[in-house]
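Quick one: the structure is below, and I'll ask about it shortly.
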Amino acid sequence: MTSAADKVLPYDEVSAAYDPVLGLEVHVELGTATKMFCGCSTVFGAEPNTQTCPVCLGLPGSLPVVNAMAIESAIRIGLALNCQIATWCRFARKNYFYPDMPKNFQTSQYDEPICFDGYLDVDVDTAEGRRTVRVEIERAHMEEDTGKTLHHGGATGRIHGADYSLVDYNRAGIPLIEIVTKPVPGAGKFAPEVARAYVTALRETLRSLEVSDLKMEQGSMRCDVNLSLRAAPEAPLGTRTETKNDNSLRSIERAVRYEMTRQGAVLSEGGSVLQETRHWHEDTGITTSGRVKSDADDYRYFPEPDLLPIAPSPEWVEQLRATLPESPAVVRARTQVAWGISDFDMLAVTSAGALELVTATVAAGADQAAARKWWLGELARVANERSVELADLAITPADVAEVESLVVSGTLNDTLARQVIEGVLAGEGTPSEVVAARGLAVVRDDAPLLAAIDEALASQPDVAEKIRGGKVAAAGAIVGAVMKATRGQADAARVRELILQRIPPPPDP
Amino acid sequence: MAEPAPISISRDEVAHLAHLARIDLDDDALEHYAEQLGVILGAVAEVAQVAAADVPATSHPLPMLNVFRDDVVSPCLSAEQALSGAPAVEDHRFRVPRILDVE
Amino acid sequence: MSEDLTRWDAATTASAVAAGKVSAVEVTLAHLDRIASVDDRVHAFLHVDTGGALAAAGAVDKARADGERLGPLAGVPLALKDIVATEGVPTTCGSRILEGWRPPYDATITTRLKDGGVVILGKTNMDEFAMGSSTEHSAFGPTHNPWDLDRIPGGSGGGSAAALAAFEAPLAIGTDTGGSIRQPAAVTGTVGVKPTYGGVSRYGIVALASSLDQVGPCARTVLDAALLHTVIGGHDPRDSTSIASPLPDLVGAARRADVRGMRIAVVRELGGEGYQAGVRQRFDEAVEAFATLGAEIVEVSCPHFPYALAAYYLILPSECSSNLARFDGMRYGLRVAGDDDPSVEQVMGRTRAAGFGAEATRRIILGTYALSAGYYDAYYGQAQKVRTLIQRDFAAAFEQADVLISPTAPTTAFKLGEKLDDPLAMYLNDVATIPCNLAGNPGMSLPVGLAPEDGLPVGLQIMAPAMADDRLYNVGAALEAVLLDRWGGPLLEEVPSL
């Protein structure tokens, strides 16, 4: 199990010598109000074991009933991923024992997934420019989530060496969609970027459908990456590993990069890659071996006898298709033209997950450049600091547009605007309310400014001399002092003007 | 099920099945079940000869489809009720022995 | 009342309670007394809920006193098979692995019984998780047949059937996966019905084989069974496999009892060789009785029925190996750990080894095998195809007849211990009842007399098309009436006093 000994090759060597093949399995928790097979609430963060019932606890005698909304979401996801929708499919039982699974089988889909044979076109921006990769989707199927296990005792608090574990079944039975790609060849040295770009594009697509909250850090979107290396694109596929616990976009990219260098080292020494599950460690930046699952080859799937087949009618599917939003790629292209910005600037918006926010801010009246500046600047900085998504910040696009309009009208300068945003984020109200409550408007009256200027000049007598001597730049020190004295509420340009009226510099020679 | 020939099932095969089914069986029990399973399988093996390839499978006695539930929250059990039958409880969670494998 | 209330049928008791001739509490006490005096020998009950029963009876009496309208079986005691979840009342399925478990919820039928004022006396003995035909596979000791205490009461629902035959209850609930209602009814001289699959909710019934299991009524008369079926049946949104359309008029059919002009078919493959002579004799007499009642008797062939047993013993273990996986000592029931700091996997293995009996273990292993990669197509997959062939046989037969009939079981009650470690011999008891479970259509067993050679009850099985359960009650009641005339009273009057 120890991984300290895993050798790695330099990335450039690996990507020159081997052709990587990716495969991605993404689990998405659907944002339904209730679980897949019972009426228990799915709200995140409830007290342990308070969102369970006989069905999701797997109590003897209980029976599942399918949540119609979960089926609709699954079909909409399939349609958005250009999949075929099954005309007839079933749930199956996947049998294996594990304490987080109340029935010791998972109700899933096996050889009859509800969606299959789709694709997603993914824009990948690399050092060599943008390329579009078509990632083929093998299937998207429905299943139920497991409970959550805490490991107690032992030295590390991790599963190995734990004395015992505690299980909370609130999450058990929450509907999941598992989206599985076909093997993705041809990514070459950009495999890590392709993996990340696929998950980014998938998330964007799913977000537009409003079927899940897609929070990787809370586990409502989870990604496993399959990776194998082969000597050349014509060679048969190599042995793959499946890396779990890639719970951010960045870690997906890093995990792929690491696995390539690790597998490359094994192969270059004439060894063979072990087919296994590996775990990504964000802190150390490596993967370690999980178990080689002993039961994995024999899940004894069979059709779930407590549920009936699902046969979506063509009318139903078409009705759901009509509810699909425009595809994010189309929206992106159209928006980029409308804003007249470069690929580079657009990528900055999309990779920050800010397209919808910026668009909404523009719709609320802000200029597109200003909207981008706020979301990608100050707000991105705060989100990063707090390790949350932009969309999770307690500020709306309308708020941002209002801040910008106050700047445009001259009520706020940049410094004050940042303070207003801080107030909104702290829950102090709308931007106007924060301006009023904190008394943040720019000072328009010259009298208090002149008083502050006189005070500053008195305390720094040499400055006046310098200005009179022609060193106009020295006025900066007084401007700074005045800004400080007015807690940033002065208009710096006006202050400068007033200083130079007070102490006229010598006329230009 | 007349005069069937037993199918040979080895002790090791039964041991593998017992492991998959998480039932600890001792050697005597493995021998005993291996013998009985062989007899039973011999008796039921005739199903393989009856149905032609073109006969569809029936997994469910009634031809019903598309039975769904509206996405409406219904009351849950209390944590106390949920945990009422548990052999061991800690912090409102089910306490289970140490887990060796990572799923 | 000087009369013995335990001898009354349910319909009589219900109208007496409704009319105020007797109180529900009196009726309940009479049955609790009867249980106290005979159940040490019969062992029909695993748990008697004296407090709950008297409280329920008291509530019925109060409702009547308040002028509320009572359900058709209000105040009638009932014995509930211990596979049905009852909130706060032990539910063991005859297994050590669930010993002491008190469910935090009621099965749908438990709720319907309670709402209907039916008085649940307690929980009855059964083969562990309903696997068996003798009730000897109960972890808590066998039930004895009131006709001969050295004999089995059938299974898996031997406790429910024995409770009826021993006059411990006029009504009982059974579950029937391959004959567990009908075969015990046959060997105890009582009436048992396996409804159409989906006709009665399975929610809260601990699953054995989900695609075969069906809950049903057990009683001493056909009419009582119809009344009970009506109380528990009908659509339940908690069971996806529950039929949405309303039940046919079962009570009306039982009261009609008229087979004139109907075509009743004897199934050629269910009879003859392997069937006890006295069973065949009483069956043949019943066929003649149908003819005298004005039915047309025909013979049909169901060529795939001989393969039903083999298909059944693949499908059932497969589904049961998965359904019973949840009993692992983590969330409820037995946990066997040990002081060697075992892992979760070891504790599961030890718990299940200690908690399951031999028959459960055998079927779990068999099912694990049949579902395994490489064997699935040859076993489970093929068995599902045979299921299709059995359905086709039924469809063809019902083109020629309104109902099919056969002996319910090949023999009368055998001796305790006789077939205990011979699974194949035990499985043969279900040869005539299994086709209905595979196809999903309903079946009834009712008594047709005692076999001359051993003086033990013989059952006749009536099979109807899916959702035509009313035909069972019509045809069964017609035969019951003519036999009662012939016998000069109920067959159960012949049960030795205990």
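For the stretch A:459-480, give me each residue that is open to solvent by less than 80 Å² (accessible area, probe 1.4 Å) and in contact (Cβ under 8 Å) with a residue 24 or more places away in the chain.
Across the stretch A:459-480, the qualifying residues are A:Ala464, A:Ile467, A:Gly469, A:Gly470, A:Val472, A:Ala475, A:Ile478.
Also, I was wondering about something else. Give the residues of the stretch A:365-376 that are farther than 26 Å from A:Val122 by Cα and open to solvent by 20 Å² or more (accessible area, probe 1.4 Å), sorted by residue number.
A:Gly365, A:Asp367
To continue, here is another question. Considering only residues that are crowded, with 21+ Cβ neighbours inside 10 Å and farther than 19 Å from C:Thr86 by Cα, which ones fall in the stretch C:39-59?
C:Asp39, C:Val42, C:His43
Would you be able to say whether some residue in the stretch A:315-323 is open to solvent by less than 30 Å² (accessible area, probe 1.4 Å) and hydroxyl-bearing (Ser, Thr, Tyr)?
No, there is no match, as no residue in the stretch A:315-323 is open to solvent by less than 30 Å² (accessible area, probe 1.4 Å) and hydroxyl-bearing (Ser, Thr, Tyr).
Take the stretch B:49-69 and flag every residue that is assigned to a helix (DSSP H, G or I) and either touching a His at 6+ places or on another chain (Cβ under 8 Å) or facing chain C (nearest Cβ under 8 Å) (or both).
Residue satisfying the conditions is B:Val50 alone.
When the residues of the stretch C:219-278 are filtered to those that are of a type in the set (Asp, Glu) and not in a helix (DSSP H, G or I), which remaining residue is farthest from the other protein chains (Cβ to nearest Cβ)?
Within the stretch C:219-278, the match that is farthest from the other protein chains (Cβ to nearest Cβ) is C:Asp258.
Need the failing condition index for A:Ile85 against (1) touching a helix residue (DSSP H, G or I) at 6+ places or on another chain (Cβ under 6 Å); (2) closer than 26 Å to C:Tyr203 by Cβ, just the number.
Of everything listed in (1) touching a helix residue (DSSP H, G or I) at 6+ places or on another chain (Cβ under 6 Å); (2) closer than 26 Å to C:Tyr203 by Cβ, A:Ile85 misses just condition (2).
So which residues in the stretch A:465-482 are aliphatic (A, V, I, L, M) and in contact with a helix residue (DSSP H, G or I) (Cβ under 6 Å, 6 or more places away or on another chain), if there are any at all? Spell out the reasoning first.
Of all residues in the stretch A:465-482, those aliphatic (A, V, I, L, M) come to A:467, A:472-475, A:477-479, A:481-482.
If the condition is that a residue be aliphatic (A, V, I, L, M) and in contact with a helix residue (DSSP H, G or I) (Cβ under 6 Å, 6 or more places away or on another chain), then A:Ile467, A:Ala474, A:Ala475, A:Ala477, A:Ile478, A:Val479, A:Ala481, A:Val482 are the ones that fit.
If you take the residues of the stretch B:17-31 that are within 9 Å of chain C (Cβ to nearest Cβ) and either β-branched (Val, Ile, Thr) or in a helix (DSSP H, G or I) (or both), which of them is most open to solvent (accessible area, probe 1.4 Å)?
That would be B:His19.
Within the stretch A:36-61, count every residue that is buried (at least 23 other Cβ atoms within 10 Å of the Cβ) and more than 7 Å from every other protein chain (Cβ to nearest Cβ).
Summing the residues that are buried (at least 23 other Cβ atoms within 10 Å of the Cβ) and more than 7 Å from every other protein chain (Cβ to nearest Cβ) in the stretch A:36-61 gives 6.
One line per residue, one yes/no per condition, for (1) touching a His at 6+ places or on another chain (Cβ under 9 Å); (2) charged (D, E, K, R):
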| position | (1), (2) |
| --- | --- |
| C:Ala378 | no, no |
| C:Gln384 | no, no |
| C:Glu399 | no, yes |
| C:Leu404 | no, no |
| C:Thr408 | no, no |
| C:Thr411 | no, no |
| C:Leu416 | yes, no |
| C:Leu420 | yes, no |
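Out of all the residues in the stretch A:97-113, which are more than 7 Å from every other protein chain (Cβ to nearest Cβ) and more than 18 Å from C:Leu208 (Cα to Cα)?
Within the stretch A:97-113, A:Asp100, A:Met101, A:Ser108, A:Gln109, A:Tyr110, A:Asp111, A:Glu112, A:Pro113 meet the criteria.
Just to be sure I understand the filter: pairs with C-beta atoms under 8 Å, separated by 6 or more residues or on different chains, first member in the stretch C:123-138 and closer than 17 Å to C:Leu164 by Cβ and touching a residue at least 40 places away in the same chain (Cβ under 8 Å), second member basic (Lys, Arg) and open to solvent by less than 10 Å² (accessible area, probe 1.4 Å). Which pairs pass?
Taking only residues 6 or more apart or on different chains, the pairs are C:Lys123/C:Lys81; C:Thr124/C:Lys81; C:Met126/C:Lys81.
Let me ask something additional. Mind telling me which of the residues C:Leu208, C:Leu121 ends up being within 23 Å of C:Asp49 (Cβ to Cβ) and out of contact with any Gly (no Cβ under 8 Å at 6 or more places or on another chain)?
Result of the check over C:Leu208, C:Leu121: C:Leu121.
Answer yes or no as to whether B:Ile40 is open to solvent by less than 60 Å² (accessible area, probe 1.4 Å), assigned to a loop (DSSP other than H, G, I, E, B) and at pLDDT below 95.
Values: open to solvent by less than 60 Å² (accessible area, probe 1.4 Å): yes; assigned to a loop (DSSP other than H, G, I, E, B): no; at pLDDT below 95: yes.
No: the conditions fail for B:Ile40.
Taking only the stretch C:368-378 into account, find how many residues are crowded, with 16+ Cβ neighbours inside 10 Å, more than 7 Å from every other protein chain (Cβ to nearest Cβ) and not in a loop (DSSP other than H, G, I, E, B).
Total satisfying the criteria: 1.
Against the definition (open to solvent by less than 10 Å² (accessible area, probe 1.4 Å), modelled with pLDDT of 95 or more, assigned to a helix (DSSP H, G or I) and away from every other protein chain (no Cβ under 11 Å)), how does C:Ala397 come out, yes or no?
Judged against the criteria, C:Ala397 is a match.
Looking only at the stretch C:302-358, which residues are facing chain B (nearest Cβ under 8 Å), open to solvent by less than 50 Å² (accessible area, probe 1.4 Å) and not in a helix (DSSP H, G or I)?
C:His304, C:Asp328, C:Gly329, C:Met330, C:Arg331, C:Tyr332, C:Gly333, C:Ala337, C:Pro342, C:Ser343, C:Phe356
Could you check the stretch C:268-283 and list, in sequence order, the residues that are in contact (Cβ under 8 Å) with a residue 24 or more places away in the chain and not polar (S, T, N, Q)?
C:Arg268, C:Glu269, C:Leu270, C:Gly271, C:Gly274, C:Tyr275, C:Ala277, C:Gly278, C:Val279, C:Arg280, C:Arg282, C:Phe283 - these are the residues of the stretch C:268-283 that are in contact (Cβ under 8 Å) with a residue 24 or more places away in the chain and not polar (S, T, N, Q).
State whether the residues of the stretch A:354-364 include one that is open to solvent by 40 Å² or more (accessible area, probe 1.4 Å), outside any helix (DSSP H, G or I) and aliphatic (A, V, I, L, M).
Looking for residues that are open to solvent by 40 Å² or more (accessible area, probe 1.4 Å), outside any helix (DSSP H, G or I) and aliphatic (A, V, I, L, M), one finds at least one in the stretch A:354-364, hence yes.
Shifting gears a bit: Considering each of C:Gly355, C:Gly333, C:Gly367, C:Gly338 in turn, give the residue that is without any contact (Cβ under 8 Å) to a residue 40 or more places away in the chain and more than 30 Å from C:Leu456 (Cβ to Cβ).
Exactly one residue qualifies, and that residue is C:Gly338.
Could you please find all residues in the stretch C:268-290 being among the hydrophobic types (A, V, I, L, M, F, W, C) and either within 15 Å of C:Val482 (Cβ to Cβ) or surrounded by 15 or more Cβ atoms within 10 Å (Cβ to Cβ) (or both)?
Within the stretch C:268-290, C:Leu270, C:Val279, C:Phe283, C:Ala286, C:Val287, C:Ala289, C:Phe290 meet the criteria.
At least 3 residues that are open to solvent by 10 Å² or more (accessible area, probe 1.4 Å) and in contact with a helix residue (DSSP H, G or I) (Cβ under 9 Å, 6 or more places away or on another chain) in each: list the helices (runs of 4 or more DSSP H) lying fully within the stretch C:418-493 that qualify.
Output list reads C:469-487.
Ok, one more. If the Cβ limit is 6 Å and pairs must be 6+ apart or interchain, which residue in the stretch B:35-48 that is more than 7 Å from chain C (Cβ to nearest Cβ) and free of Cβ contacts under 8 Å to residues at least 60 places away in the same chain pairs with which residue that is hydroxyl-bearing (Ser, Thr, Tyr) and open to solvent by 20 Å² or more (accessible area, probe 1.4 Å)?
Between residues of the stretch B:35-48 that are more than 7 Å from chain C (Cβ to nearest Cβ) and free of Cβ contacts under 8 Å to residues at least 60 places away in the same chain and residues that are hydroxyl-bearing (Ser, Thr, Tyr) and open to solvent by 20 Å² or more (accessible area, probe 1.4 Å), the close pairs are B:Gly38/B:Ser8.
Those residues that are part of a helix (DSSP H, G or I) and open to solvent by 30 Å² or more (accessible area, probe 1.4 Å), I need them from the stretch A:210-257; list them, please.
If the condition is that a residue be part of a helix (DSSP H, G or I) and open to solvent by 30 Å² or more (accessible area, probe 1.4 Å), then A:Glu217, A:Gln218, A:Arg250, A:Glu253, A:Arg254, A:Arg257 are the ones that fit.
Taking the stated definitions as given, is A:Arg134 touching a residue at least 60 places away in the same chain (Cβ under 8 Å) and either in a strand (DSSP E or B) or open to solvent by 20 Å² or more (accessible area, probe 1.4 Å) (or both)?
So A:Arg134 fails the test.
The values are calculated or read from the model by the stated rules, or taken from the named source; none is laboratory data. None of these values were measured; they are calculated from a predicted model. As a convention, Cβ positions derive from the backbone with ideal geometry for all residues, glycine included, and neighbour counts pool all protein chains shown. The accessibility values were calculated without ligands, DNA or RNA, using every heavy atom of the protein model including side chains. Shrake-Rupley method; radii C 1.70, N 1.55, O 1.52, S 1.80 Å.
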